[in-house]
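Following this message is one structure expressed as structure tokens.
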There are 2 protein chains.
Amino acid sequence: MSGSEGHTDGTVGKALDVLESVAEFGRPVRFSELLTNSRWPKATLYRLIQTLSSQGMLAHDKDRNTYSLGVRLIRLAHGAWKQASLAPIAQPFVDDLSEKLGETVHLAQLDNGQVLYVDKRNARAPISMFSDAGKVGPGYCTGVGKAMLAFLPEPELTEALAKQAYYRHTEATLTTPEALRAELCNIRETGISYDREEHEEKIICIAAPILSLDDRPLGAISVTTSLLRHSLDDLSAFETDLKQTAAKIATEAQPWAFPMQNNQNYPSTRSQ
Amino acid sequence: MSGSEGHTDGTVGKALDVLESVAEFGRPVRFSELLTNSRWPKATLYRLIQTLSSQGMLAHDKDRNTYSLGVRLIRLAHGAWKQASLAPIAQPFVDDLSEKLGETVHLAQLDNGQVLYVDKRNARAPISMFSDAGKVGPGYCTGVGKAMLAFLPEPELTEALAKQAYYRHTEATLTTPEALRAELCNIRETGISYDREEHEEKIICIAAPILSLDDRPLGAISVTTSLLRHSLDDLSAFETDLKQTAAKIATEAQPWAFPMQNNQNYPSTRSQ
DNA sequence: AACTAAGTTTCAATATATGAAACAAAACTG
DNA sequence: CAGTTTTGTTTCATATATTGAAACTTAGTT
């Protein structure tokens, strides 16, 4: 129910929107379920679904008459992850950092005002693949989100700020664009962003942006921990390592000349 | 250059085809490069690319005028991975198996006649996310591929066999549909499939299909090793564990009633 | 068997995509 | 730095694909 409903980009836009609805359900879904939530009439939706199924973007379960996201997406995403995400480049540096600090490390990028996690290392335990990469989170109340927003140049920043949900997750959540803007200003000066239980009780994090030569945010990297184990002051001890890692990734990323994930204005899914 | 060129599924099909071409390049690509490999005239391709970019499926680098796959795909794929892949369900079992055997374990599904890896555990070393999941491999010369093909019911099998590249990777590669059919017949009887250096010299593997109640292949799981460390005979010692793991995953997957990845007939990318 | 809901097909009206060709803007070239 | 080539963008009449109300079929209920 958020976002600018705007542009449909013809049939393709509609088809992608359908894909997004199926994704939102998070489970195999029936035609009629999609229909109730759909902006398009029965026949239109029906044909879109047929097309997507025949294309392998949706998988149709004949027995139950349900649709899920198709595995073709996984194949395509692998390509996206390799060519348009910082993850493959950042991998060794993220490894080093997580090993040195022994805490959970996140690597994220901006996607349409939201945070998209592209890599992660858990405190211990090797983690398994897609379960974490590909996840989305809010921009306005996460360490990585604020770190990237803080360095977004003006036209885009306003757009991104307008897309935030400003839902009060905790006492500490910043719930107005004004409060957020002030915080971002501060972050831009220090080059470091904190999440002070703004997204989840007892969970804190320190994050640094990964910046291009012209100071545009390519991504962000963060160290997350729990108040049960560390205080905010403890986190600040990670600042130097974090900034160094971010700098290394930025250097490495520069030659590859990263595609700015700009100008995207597809109807966003829920964003809290 | 392969596959059935056939169905375009209107604009949506064309757009997805463009996406696929960008994926095939594996690097940021210019409009003109896409144009040379494109079946559509300039203006058409141009508008498709514009639409895809505005939708976040492609990322446009203004400076270099190149296009890459967009991060939106990663978000969508996360959904696909969670709802349409065996990976989340199989995770604990794959963990157990890889820990017990100390060898590389692959979890795969069929996608349009090809093998799509949806999870992986390395012999040691925690591996990072998308770097492995999302990869594709050939069906006709991998352990998991043959394990799944062997249990494909007739109409689909013929279709799948027709999509194989039959490229001779090694001496041992089966390079004709006939030879493959014979091998599949054998696999169906034993319930176990071997890769005897058919894809890569010195690399061998043992695989078992993960079957639904009506014996359709939901996926396959394999243990891979090198001839430098193990013989084919050694591998057969893993048979019991492998089959048990496959059975456990199948049981767990049943209630979720898996979307059969059927009837897909989108123009396949290169398939060797 | 009668009823209801879910899924599929039809078809004329309409919106959309098409693509040849003209145009504009970069990128070379001498 | 004018001239030339290549690459990228726009135009517009035409062809085509999409639309959606309604009819229809099939599956599920009572």
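Please build a GNM for chain B, connecting alpha carbons under 10 Å apart, and tell me which residue among B:L69, B:L213, B:L52 fluctuates the most.
Between B:L69, B:L213, B:L52, it is B:L213 that shows the largest mean-square fluctuation.
Taking 41 Å as R0, compute the FRET efficiency from the Cβ-Cβ separation of B:R64 and A:R168 and round it to 0.05.
So, using R0 = 41 Å, E works out to roughly 0.45.
Turning to a different aspect of this structure: Distances in nm, one decimal, shortest first, from B:T251 to the same residue in every other copy, taking the label point 7 angstrom along Cα→Cβ.
Computed spacing set for this position: 5.4 nm.
Could you identify which residue out of A:D234, A:D61, A:D214 has the top mean-square fluctuation in a GNM of chain A using Cα springs shorter than 10 Å?
The residue that fluctuates most here is A:D214.
Placing the label point 7 Å from Cα along the Cα-to-Cβ direction, what are the distances from B:P177 to the equivalent spots in the other copies, shortest first, in nm to one decimal?
Copy-to-copy label distances for B:P177: 6.1 nm.
Sort out the exposed loop GluC sites (Glu not before Pro) in chain A (DSSP loop, at most 14 other Cβ within 10 Å) and tell me the longest stretch that has none.
A:6-170
Run down the aspartates and glutamates and flag those whose C-alpha is under 16 Å from the C-alpha of A:K100, throwing out any fewer than 8 positions away in its chain.
Those aspartates and glutamates meeting the cut-off are A:D234, A:E239, A:D241.
Can you list the copy-to-copy distances for B:E33, using a point 7 angstrom from Cα toward Cβ, in nanometres, shortest first?
4.1
For chain A, set up a Gaussian network in which alpha carbons nearer than 10 Å are linked by springs, and say which option among A:Q164, A:Q109, A:Q55 fluctuates the most.
Judging by the Gaussian network model, the answer is A:Q55.
For the protein assembly as shown, what is the accessible area per residue in Å², given a 1.4 Å probe and the full set of protein chains?
Heavy-atom SASA per residue in the protein assembly as shown reads 42 Å².
Related question: Are there trypsin sites (Lys or Arg not before Pro) in region B:165-240 that DSSP puts in a loop and that have at most 16 other Cβ atoms within 10 Å, and which ones?
Passing sites in region B:165-240 are B:R168, B:K202, B:R229.
Another question, if that's okay. Over 24 Å between Cα atoms, which of A:K135/B:K14; A:K42/A:K135; A:K146/A:K243; A:K120/B:K146 qualify?
Over 24 Å Cα-Cα: A:K135/B:K14; A:K42/A:K135; A:K120/B:K146.
Hey, any idea what % of the protein assembly as shown's accessible area is carbon plus sulfur with a 1.4 Å probe?
51
Nearest 10 degrees is fine. How inclined is helix A:72-84 to the longest principal axis of chain A, computing both from alpha carbons?
Once rounded, one gets 30 degrees.
With +1 assigned to the C-beta of every Lys and Arg and -1 to the C-beta of every Asp and Glu, and no other charges, what is the dipole magnitude of chain B about the Cα centre in debye, to the nearest 20?
Approximately 1160 debye in magnitude.
Give the lysines whose C-alpha is closer than 16 Å to that of B:K62, dropping any in the same chain fewer than 8 places away, or say none.
Within the straight-line limit of under 16 Å, B:K62 reaches no lysines at all.
OK, next. Give me the distance in nm between label points sitting 7 Å out from Cα along the Cα-to-Cβ direction at B:D234 and A:E33, one decimal.
Result: 4.7 nm between the two label points.
Roughly how tilted is helix A:10-25, in degrees to the nearest 10 and between 0 and 90, from the longest Cα axis of chain A?
It works out to around 70 degrees.
Amide H neighbours of B:G219 under 5 Å, at least 5 residues apart or on other chains, H built in the peptide plane: list them.
Amide H neighbours of B:G219, under 5 Å, 5+ apart: B:I210.
Once phi is turned into θ = phi - 60°, what whole-Hz ³J(HN,Hα) does the Karplus curve with 6.51, -1.76 and 1.60 give for every residue of region A:181-195, x standing for Gly and Pro?
Values per residue, Gly and Pro as x: 4, 4, 4, 4, 4, 4, 5, 4, 6, 8, x, 9, 10, 10, 9 Hz.
Between helix A:42-54 and chain A, what is the angle of the helix's C-alpha long axis to the longest principal axis, kept within 0 to 90° and rounded to the nearest 10?
In chain A, helix A:42-54 runs at an angle near 70 degrees to the longest axis.
Can you tally the net charge around A:K100? Count Lys and Arg as +1, Asp and Glu as -1, for every other residue whose Cβ sits under 12 Å from the Cβ of A:K100.
Value of the local net charge: -4.
Let me ask you something else. Ignoring ligands, DNA and RNA, how much accessible area is buried between chains A and B, both sides summed, with a 1.4 Å probe, to the nearest 100 Å²?
6600
Follow-up. Sum up the charges of everything whose Cβ sits under 14 Å from the Cβ of B:T36, counting Lys and Arg as +1 and Asp and Glu as -1, but leave B:T36 out.
+1
Let me ask something else. Using Cα pairs closer than 8 Å and at least 6 residues apart in sequence, work out the relative contact order for chain B, in percent.
So the answer I get is 20 percent.
Given Cβ point charges of +1 (Lys, Arg) and -1 (Asp, Glu) and nothing else, what value in debye, to the nearest 20, does the dipole of region B:10-70 about its Cα centre take?
180
While we're here: Magnitude of the Cβ-charge dipole of the protein assembly as shown, K/R +1 and D/E -1, about the Cα centre, nearest 20 debye?
1060
The values are calculated or read from the model by the stated rules, or taken from the named source; none is laboratory data. It should be emphasised that the depicted structure is a prediction, and the values quoted were computed from it without experimental measurement. Note: ideal-geometry Cβ built from the backbone for every residue, glycine included; neighbour counts use all protein chains shown. Keep in mind that these areas ignore ligands, DNA and RNA; they rest on the heavy atoms of the full protein, side chains included. Shrake-Rupley method; radii C 1.70, N 1.55, O 1.52, S 1.80 Å.
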